[in-house]
Amino acid sequence: SPSHLVLLQVNARACEVPAAPGTALLHVLRNDLELNGPKYGCGLGECGACTVLIDGVAARSCVIPVKAAVGREVTTLEGLGSRQCPGPTQQAFIDCQAAQCGYCLNGMIMTVEALLRRNPNPTEQELRNELHHNLCRCGTHVEIMQAALRAVQ
Ligand code: FES
């Protein structure tokens, strides 16, 4: 379908992007808004690499049409903090050196962030359940869990 101007609210900024309404939100974030925190992994909603927050809730942006984000607040990894000034969840992952290849980390961090926003004091089991659906091919789950637990503190 033809491109329209889509008005989005991303990381507390209003942005207007030309996009067909059915375009995946991930595509618009990365290609039009140059927000490369969210990653393209499977494109099928299965790996979690593309996770963003929509109205504070974790969402897989590779399977969400951009039109579904209109009128809602989209937060990407970039919205949690910067390289110079990481947010607390990002800092926990840095402290624990949780990255190996790093490709899954966006999804891990955004998933933990979403959980903490609705439950500031989750148990280890609750963290585990939440992260269960985020794939990491390097096998750094031990470090990722340490980082997730640190983010709760
Ligand atoms: Fe979206 Fe894998 S890229 S879930």
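Values for this structure:
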{"read-out": "Segment 82-149, accessible area per residue, ligands and nucleic acids excluded (1.4 Å, Å²)", "value": "58 Å²"}
{"read-out": "Segment 95-153-segment 1-63 distance, computed between alpha-carbon centres (Å)", "value": "21 Å"}
{"read-out": "Gaussian network model of the chain, Cα within-10 Å springs - most flexible of Cys85, Cys42, Cys15", "value": "Cys85"}
{"read-out": "Rg over Rh, two decimals, the chain (C-alpha only, Kirkwood Rh)", "value": "0.97"}
{"read-out": "Helix-only mean residue ellipticity at 222 nm for the chain, each DSSP H run of n ≥ 4 adding -39500 (n - 2.57), per residue, nearest 500", "value": "-8000 deg cm²/dmol"}
{"read-out": "Lys67, Lys39, reordered so the largest accessible area comes first (probe 1.4 Å)", "value": "Lys67, Lys39"}
{"read-out": "Protein accessible area in segment 72-153, 1.4 Å probe - carbon and sulfur %", "value": "49 percent"}
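The values are calculated or read from the model by the stated rules, or taken from the named source; none is laboratory data. Everything numeric in this text was worked out from a predicted model, so none of it was measured. Just so you know, the surface numbers come from the protein's heavy atoms only, side chains and all, with ligands and any DNA or RNA stripped out. Shrake-Rupley method; radii C 1.70, N 1.55, O 1.52, S 1.80 Å.
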